[in-house]
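A short worksheet on the structure shown next.
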Amino acid sequence: MQIIELYINDTKVDLFDDESVSITDSIQNVKDISKIFIPFSQQFNLPASKTNNKLFKHYYNFEVDNGFDARYKANAVIKLNGVDYKQGKIRLNEVSLKDNI
């Protein structure tokens, strides 16, 4: 079993226990420009935990000053079993509220 960890701006975020992170990766072929791809992941969800709310600075509440700005991508690292697997950028797409809280 592999243990997946996600770090955003050097902060470990909480993941759902049953959440899967799917990464598409391909080998680059520089001779054929149409076959050059970069690795990317599919969208995944993060739980509303104290750690995640602290990192995203209660993104859902627009009245919070200096909160997380989703217009810009943040630095991220995906670790598998404690070893760096991929480094890149991550973007917050949306926030889902339960009972408007």
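Here, each number is a calculation from the coordinates, and none is a lab measurement. Remember, predicted model here, so these are calculated numbers, not experimental data. Note: ideal-geometry Cβ built from the backbone for every residue, glycine included; neighbour counts use all protein chains shown.
Data table
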| item | result |
| --- | --- |
| Where labels lie 7 Å past Cα in the beta-carbon direction, separation of GLU94 and LYS50 in nm | 3.0 |
| Sequence ranges 49-57, 82-90, ranked by mean other-Cβ count within 10 angstrom, highest first | 49-57, 82-90 |
| Listed residue pairs exceeding 22 Å between alpha carbons, taken from LYS50/LYS86; LYS12/LYS79; LYS54/LYS86 | LYS50/LYS86; LYS54/LYS86 |
| Rounded FRET efficiency, nearest 0.05, which uses the C-beta distance separating LYS12 from ASP65 and R0 of 25 Å | 0.50 |
